[in-house]
Amino acid sequence: MNDNYRTCSQCMVVLEDIAADGSSVARYYFQESGSMVVSAGTPPQEGSLDVTLTDVTLVEVTIDAEYNSTPVAGGQCLHITAATLSTGTVACVEGATQCAGNVIQTCTDGIWADGTDCGDNNETCGMVDGTAQCQAAGVCIELTYVDGLLVADVDYPSMYANDGYTPDLGGVLPDWHQFEFYDGATGVMDLGDAVNGNYISCSQCIRFFEDIDEGAGTTARQYFQQSGTMTIAATSDPLNGTMDMVLADVTLVEVTIAADYTSTPVAGGQCLHITAATLSTSGTATCIEGETQCAGEVIQTCTGGAWADGTDCNGNGETCEMVDGDAVCVAGGICTDGETQCVGTVIQTCTGGAWADGADCSDDGDICNMVDGDATCVAAGTCLELTYVDGLLVPDVEYPSMYSNDGYTPDLGGVLPDWHQFEFYDGTTGAVDLGDATNGNYISCMQCVRFFEDIDEGAGTTARQYFQESGSMVIDAGSDPENGSLDMTLTDVTLIEVTVAADFTSTPVPGGQCLHITSAVLSSTPVITCDAPVITAGSVINGDTCTGNSFYNPGTGGCTGYSANANELLYELTVPAGASYQLDLAYSDVVDASLWATSDCLDTAGASCVDGADANTDGTESLTLTAGTYYVVVDGYTAGTCGNFALTVTAQ
């Protein structure tokens, strides 16, 4: 569990060279091995910690949108021989106060102690000049901006943050102040009108999150606009990262926000007030003079406080990479000679390590599509058939109403990854029409099927995205779609290429591509069968775990001594009475091998494991089995890894 950032309970992450605006990180490191001893008297989730680290190795990783950490081949690593770390015995500053709901807590002898419950007098607890006080319901805390800089989100430039306000609210956990825009309007906006007065429909939206616990995915309170005006300068481009605005007499009230984004005021809740503020994305340097970064394959240099494009590494068939904190062009090419990809309607071919434009399919009224891995011109309206070889749905850890599946064929587009997503905004079960008036547009869908082709995570772009046009989805009655439990059947589903606006309206692309699903049965429950290939002594099995799943894991305390989170393949082996067989596993790809055997094929957690090996990191492992029938698991240590292997079975 602790060997991947997505599943870890005790997690160590190092971020190297964070950009001044928080938009990029040169390298991420995550734990690979070692031990952590947490003192019994220091509960980590309560702000008090005494910990001892021993022989800890952190390796360079990438972390994807689902928080899966994947080691970088040949990446750097960090090592901690021994360290004792502590918050001390003090979890707070003596005499400090905070609000815990409506209760005033005071720091006494280094810990928070409950005091007055403001609710007893029908009041609320609020922070005034850094001190927790009881206030009459409806008395708002005044927010003042000491820094009016708005920072646009790198991936979603219609969202802006500001951390230059006073006072801090709540307790010791961080707050977050966010502005969101869903159209490009400028001029004077009424933040309390029929559209802007609710989060489900707002075009100009102000939100505030108090005491965010990122580990638990919770916030003590959240606030949304109730009234006031926002004046957006005519030179602004709210949807694309440029904003100059003035706020006047704005009130934010404490709310709850439902799964469909409806905001509802909390009865007797707290409120915030902004008398006046001028906020802007301009006027402050966004980077440090002379520093460099990679923007795709282009080297950018900070000049005059802003990023300026420089060398395009792609022009020389190279890639842009961060080396010792500097962006440099690195030889090796961004593609493999001869492979093809679609860029719009143009077929590109990799030549000399770089992509070169070829035929433009639109010249003949066609579109470019990937057929059996090759970019091909096909007639417009010809949908590519998606087939599911693995029907497993994986619910998102933070948003369990969203599911992904990567068990489909074929891959679309070029070498960049695709993403197949299902989203649910109510708990309906039974038959659902994906093309009706509600489900036929992303802005209103309750059951939503999406597909993203060629995602460039660095640039925050996707070559194409698709959304449902027609078809049916049948959700089993025992499912709980909003909470990570789903069994469903898709029939005659067509997804068409769309654009999705900032307000989430999906619009079909004229002459765009389309995908089709004839039928599919998908489930969030892994289907484990005992139909494993039979292997015998004297055989050499060549396989590829990339064709397998990741169902089996003996756990850190299991028979190999380590967890096994990689893809695996399962084989059945019978060793006759009086005999013993040696199994030798060797990966030809970069995989930290794990090899183990269980007497029960349904035993995914290793409870019936009889023997296992995970002693090496070079892709080789061996074990010996005596008489019996076993299910041999060819596995690996690191989540997300897989590759070609040879398994040799020898009678001794």
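The values are calculated or read from the model by the stated rules, or taken from the named source; none is laboratory data. Because the structure is predicted, anything quoted here is derived from the model rather than measured. Here the Cβ is made from the backbone with ideal geometry for all residues, glycine too, and neighbour counts use every protein chain on show. With ligands, DNA and RNA removed, areas are computed over all heavy atoms of the protein, side chains included. Shrake-Rupley method; radii C 1.70, N 1.55, O 1.52, S 1.80 Å.
Looking at this structure, is Leu58 at pLDDT 85 or above, closer than 30 Å to Ile455 by Cα, open to solvent by less than 40 Å² (accessible area, probe 1.4 Å) and in contact with a strand residue (DSSP E or B) (Cβ under 9 Å, 6 or more places away or on another chain)?
Yes: the conditions hold for Leu58.
Among the residues of the range 273-289, count how many are modelled with pLDDT under 75 and open to solvent by 30 Å² or more (accessible area, probe 1.4 Å).
6
Any idea how many residues of the range 581-598 are open to solvent by 30 Å² or more (accessible area, probe 1.4 Å) and either of a type in the set (Lys, Arg) or under 21 Å from Thr650 (Cβ atoms) (or both)?
Residues that pass the stated criteria total 4.
Only one of these is open to solvent by 50 Å² or more (accessible area, probe 1.4 Å), touching a strand residue (DSSP E or B) at 6+ places or on another chain (Cβ under 9 Å) and either assigned to a strand (DSSP E or B) or within 20 Å of Ser599 (Cα to Cα) (or both): Tyr552, Tyr562. Name it.
Tyr562
Give me the residue from the range 291-325 that is assigned to a loop (DSSP other than H, G, I, E, B) and at pLDDT below 75 and, out of that set, farthest from Leu149 (Cα to Cα).
Gly317
Could you check the range 478-493 and list, in sequence order, the residues that are assigned to a strand (DSSP E or B), open to solvent by 20 Å² or more (accessible area, probe 1.4 Å) and in contact with a strand residue (DSSP E or B) (Cβ under 9 Å, 6 or more places away or on another chain)?
Ser485, Asp487, Thr489, Thr491, Asp492
Could you tell me whether the range 117-126 includes any residue that is closer than 19 Å to Asp211 by Cβ and at pLDDT 80 or above?
Yes, some residue in the range 117-126 is closer than 19 Å to Asp211 by Cβ and at pLDDT 80 or above.
Determine which member of the set Gly241, Gly228, Gly217, Gly187 is on the phi > 0 side of the Ramachandran plot, at pLDDT 85 or above and out of contact with any strand residue (DSSP E or B) (no Cβ under 6 Å at 6 or more places or on another chain).
Result: Gly187 is the single residue among Gly241, Gly228, Gly217, Gly187 that is on the phi > 0 side of the Ramachandran plot, at pLDDT 85 or above and out of contact with any strand residue (DSSP E or B) (no Cβ under 6 Å at 6 or more places or on another chain).
Starting from residues that are closer than 30 Å to Val298 by Cβ and touching a Lys or Arg at 6+ places or on another chain (Cβ under 8 Å), keep the ones in the range 453-477 and report whichever is most open to solvent (accessible area, probe 1.4 Å).
Gln465
Evaluate the range 605-613: report whether one residue or more is of a type in the set (D, E, K, R), in contact (Cβ under 8 Å) with a residue 40 or more places away in the chain and surrounded by 22 or more Cβ atoms within 10 Å (Cβ to Cβ).
no
Go through the range 3-36 and count every residue that is open to solvent by 30 Å² or more (accessible area, probe 1.4 Å), of a type in the set (S, T, N, Q), in contact with a strand residue (DSSP E or B) (Cβ under 7 Å, 6 or more places away or on another chain) and at pLDDT below 90.
3
So, in the range 149-175, of the ones that are of a type in the set (Gly, Ala, Ser) and modelled with pLDDT of 80 or more, which residue ends up farthest from Gln226 (Cα to Cα)?
Here the answer is Ala152.
Within the range 502-517, restricting attention to residues that are among the polar types (S, T, N, Q) and touching a Ser or Thr at 6+ places or on another chain (Cβ under 8 Å), which residue is surrounded by the most Cβ atoms within 10 Å (Cβ to Cβ)?
Ser506
Mind checking which residues of the range 319-378 are open to solvent by less than 30 Å² (accessible area, probe 1.4 Å) and out of contact with any strand residue (DSSP E or B) (no Cβ under 8 Å at 6 or more places or on another chain)?
Gly353, Ala354
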